[in-house]
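Q: Take a look at this one; I'll ask things after.
Every read-out reported here was derived from the displayed coordinates using simple, explicitly stated rules and does not represent laboratory data. Predicted model only: the values in this text are computed from it and were never measured. FYI the Cβ positions are ideal-geometry reconstructions off the backbone, even for glycines, and counts take in every protein chain you see.
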Amino acid sequence: MTQTQSMDKIIALAKRRGFIYQASEIYGGINGFWDYGPLGTLFKKNVREAWWQDVVLNPCQGKLGPNGERVRILPLDTTLIQHPQVWVASGHAANFNDPMVDDRETKQRYRYDHLAVYVPSKGWEAIRAGVGGPPAAEDTGKPFFAYLPDSPSEAKQKKKAEKAWAEVQSVPLPQVPKELFPRILAPEAEKVGTLTEPRAFNMMFKTYVGATATEDDVAYLRPETAQGIFVQFKNVLDTTRVKIPFGIAQQGVAFRNEVTPRNFTFRSREFEQMEIEFFCHESEAGEWYAFWRDWRLSWWQSLGLAGENLQLREHDPDELAHYARGGAGTSDIEYRFPFTAPGFGELEGIAHRTNFDLMQHQKHAKVNLEYFDPDRGELLPNGSRKGEKYLPHVIEPSAGLTRGVLALLCEAYTVDESRPSPEFLRLHPRIAPIKAAVFPLVNKDGMPEIAEKLYNELQQRFWRYGPVEMDAKQSIGKRYARMDEAGCPFCFTVDGETAKDQAVTVRDRDTGRQERIAIDKVASYLAERLGD
Ligand code: GAP
């Protein structure tokens, strides 16, 4: 199965089993917006909860920070609409632009920095034009070629063209002189010269606060949850007894008017983030940056992104965002999605944002945001310290919840043709939407009654982790298949022997292996596997 086919199958399963639907589907949908169905809502909530538990309730699962102390994290919940000056101070009003180029022929719009022109070593004049990926051998010799890195046809075309284009160099479009634009053939275009020059689009959603809706009432839906944290930094300091180093964590919806929403939920216009702003002294920023980078990677691994599809990538210095220049660095945790393969797409960024944001808000709001640290500064004769005032530096692990859900879904999707129903989701029990199912083998002979009793017992004990299901309809094979597609890790079946031996079979979703266990041990069996 190609990567494109596997993505189509994942999207089909997500729809069929009620994980993810297109928003407003009965009206033809709305581009870049997605709804989560019953299973998807449970699944997303489990990922969100896992983060909440491991970041806020039990920070870093008890792992000590580089200072040898417990990591301190406080929760926060700020509004979607902030004072418009917040986005001026943060730089979003001025910088949150992606320059785009339009193709007048195909009406496609591309990120300027996502396109490259392919140039053979012979020089510009000998370049061919092509569609979607490195050119097919028979297409060489045409004038110019525009290449879209995440095109689904890339891998296929790349192979074909490998030999003929061994010496081709790719030149990022931003480096191609504007006078050469008339000679570029855009991806999927038939004629050359149809790409427009780049234009900037601000990605913040505009709205109006109040009934008059004049230009004085303009406000924006937040494009990230982070700024709410910086804006409330002083209130959190003043109303709690927290001391630096500490972090503030927030989860919530963010909006970006993405010009090219694409790849299922990967780039949406409304999505959810899970962000930590960790405040520390500048001298300790390097070690906290390394700490968060490594722990965040291990956290995604603990949820099942454990293989080669996950990688950590350090940004090159010229790639750093404006707020991260001069800091200890930025790393992306990346996942190899079927639509990015063989490449990777960002899942979470860990950035040393220096003290850029607090400095900006201090300047724009004209409020002193400095922290007084009594444990720093000159040592006094009485053994105490003089103290030091400073604007803390920030390490920001910023994860996409909805993008994480997509990565976990892609990773879990498995096809095993040897099974009666080949498709299933290998979801980690912690995030699986349904934790267990109970089946009577047949819906008679006293089996439904025993199954109902077991179901009630499990549901009452485990509902905090997620629902347990009871299913008595259709053949046992169909019921297993339904649970496999929902990613349910454990199915317990009451059969004709149960009344005699007081035992049920438990079937493992991933191996299909069945084991017989005493009915009064089912709860402890499940508890152990759910980490209860
Ligand atoms: N506060 C920093 C910040 O927002 P970002 O890299 O722009 O950084 C953080 O976003 C994370 O949010 C990304 O790693 C990604 O997981 C998620 N994200 C960003 N834009 C998204 C979009 N359009 N759709 C879905 N998730 C998105």
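Q: Need one number: the % of Cα-Cα pairs in region 337-444 sitting beyond the 18 Å mark.
A: Summing the P(r) tail past 18 Å for region 337-444 gives 74 percent.
Q: Mind listing which trypsin sites (Lys or Arg not before Pro) in region 488-528 are in a DSSP loop and have 12 or fewer other Cβ atoms within 10 Å?
A: R513
Q: State, as an integer percentage, the relative contact order of the chain based on alpha-carbon contacts under 8 Å between residues 6 or more apart.
A: Taking the mean separation of contacting Cα pairs over the length of the chain, I get 12 percent.
Q: In whole percent, what relative contact order does region 305-360 give with Cα contacts below 8 Å and a gap of six or more residues?
A: So the answer I get is 33 percent.
Q: Now, a different point. What ranking of D332, D217 emerges when the number of other C-beta atoms within 10 Å of each C-beta is taken as an exposure proxy, fewest first?
A: D217, D332
Q: Here's another thing I want to ask about it. In region 387-532, if the dipole is taken from +1 on Lys/Arg beta carbons and -1 on Asp/Glu beta carbons about the Cα centre, which of Q474, A527, S398 is farthest to the positive end?
A: S398
Q: Separate question: Keeping to pairs on different chains or 8 or more places apart, tell me how many lysine pairs in region 357-515 have Cα atoms under 23 Å apart.
A: 12
Q: So what is the relative contact order for region 438-507, in percent, with contacts set as C-alpha pairs under 8 Å and at least six apart?
A: 39 percent
Q: With all distinct Cα pairs included, what does the Kirkwood hydrodynamic radius of region 197-341 come out to in Å, to one decimal, could you say?
A: 18.4 Å
Q: Continuing with the same structure: To the nearest 20 debye, what is the magnitude of the charge dipole of region 1-77 about its Cα centre, counting +1 on the Cβ of each Lys and Arg and -1 on the Cβ of each Asp and Glu?
A: Its charge dipole is roughly 200 debye.
Q: Identify the trypsin sites (Lys or Arg not before Pro) of region 373-479 meeting these criteria: DSSP loop state and at most 10 other C-beta atoms within 10 Å of the C-beta.
A: Sites meeting the loop and neighbour criteria: K386, K444, R464, K473.
Q: Can you list the residues, at least 5 places off or on another chain, whose amide H is less than 5 Å from the amide H of F246, using H built in the peptide plane?
A: F279
Q: Also: Using the eigenvalues of the Cα gyration tensor, what equivalent ellipsoid semi-axes result for region 292-391 when each is taken as the square root of five times the eigenvalue, whole Å, largest first?
A: Taking √(5λ) for each Cα gyration eigenvalue gives 38, 18, 11 Å.
Q: Using only Cα atoms, figure out Rg for region 231-288 and give it as a multiple of 2.2 N^0.38 Å.
A: Compactness ratio reported: 1.57.
Q: Given the rule -39500 (n - 2.57) for each run of at least 4 DSSP H residues, summed and divided by the residues of the chain, what is its mean residue ellipticity at 222 nm, to the nearest 500 deg cm²/dmol?
A: Here the helix-only value at 222 nm equals -8000 deg cm²/dmol.
Q: Taking the alpha carbon gyration tensor of region 165-242, what are the square roots of 5 times its eigenvalues, largest first, to the nearest whole Å?
A: They are 46, 22, 10 Å, listed largest first.
Q: Which value, in nm² and rounded to one decimal, describes the direction-averaged projected area of the C-alpha convex hull of the chain?
A: 32.2 nm²
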